[in-house]
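Student: A single structure is presented below for examination.
Please treat every number below as a calculation from the coordinates, not as lab data. None of these values were measured; they are calculated from a predicted model. Every residue, glycine among them, receives a Cβ derived from its backbone with ideal geometry; neighbour counts consider all protein chains shown.
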Amino acid sequence: MPEFRAVEIKGHIRHVVKVEAGEKIFLCRCYGSKNFPFCDGSHNQSHHNIGPAVIEVEDDTPQAEEDQPAE
Ligand code: FES
């Protein structure tokens, strides 16, 4: 589970989620999740045609030199 915190900015609650390289998360957009801000599949029970926002962070970290194949 990614690290997240709720912060209030000018009277509005913002959920700040820390996503690591190579990680994929599903954020609730239907407001029905019991694990908000993360999707728990509850959107399947609603009559709205809406699902989660999928956030995927590519891992473009260069491999360590010792992990590189020999040429
Ligand atoms: S539970 Fe809200 S989008 Fe999945």
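Student: Would you work out the relative contact order for the chain, in percent, from Cα pairs under 8 angstrom that are 6 or more residues apart?
Tutor: Reported relative contact order: 27 percent.
Student: Mind sorting 23, 56 by how few other Cβ atoms lie within 10 Å of their own Cβ, fewest first?
Tutor: The fewest-first ordering by Cβ neighbours comes to 56, 23.
Student: May I pose another question? Using a Förster distance of 30 Å, how high is the FRET efficiency between residue 20 and residue 47, based on the Cβ-Cβ distance and rounded to 0.05?
Tutor: Computed FRET efficiency for residue 20 and residue 47: 0.30.
Student: So what are the ³J(HN,Hα) numbers for the stretch 42-54, from phi and the Karplus equation (6.51, -1.76, 1.60; θ = phi - 60°), rounded to whole Hz, Gly and Pro as x?
Tutor: Per residue, the Karplus-derived 3J(HN,Hα) values read 4, 4, 5, 8, 8, 8, 7, 8, 9, x, x, 8, 9 Hz.
Student: So for 24, 10, fewest C-beta neighbours within 10 Å to most, what's the order?
Tutor: Going from least to most buried by this count: 10, 24.
Student: Choose one answer from 13, 55, 25: the residue with the largest mean-square fluctuation in a GNM of the chain with alpha-carbon springs under 10 Å.
Tutor: Looking only at 13, 55, 25, the biggest GNM fluctuation is shown by 13.
Student: How about the stretch 14-63: which chymotrypsin sites (Phe, Trp or Tyr not before Pro) there are in a DSSP loop, with at most 13 other Cβ atoms within 10 Å of their Cβ?
Tutor: Listed in order of number, the matching sites are 31.
Student: Run down the lysines and flag those whose C-alpha is under 22 Å from the C-alpha of residue 10, throwing out any fewer than 8 positions away in its chain.
Tutor: Cross-link targets: 18.
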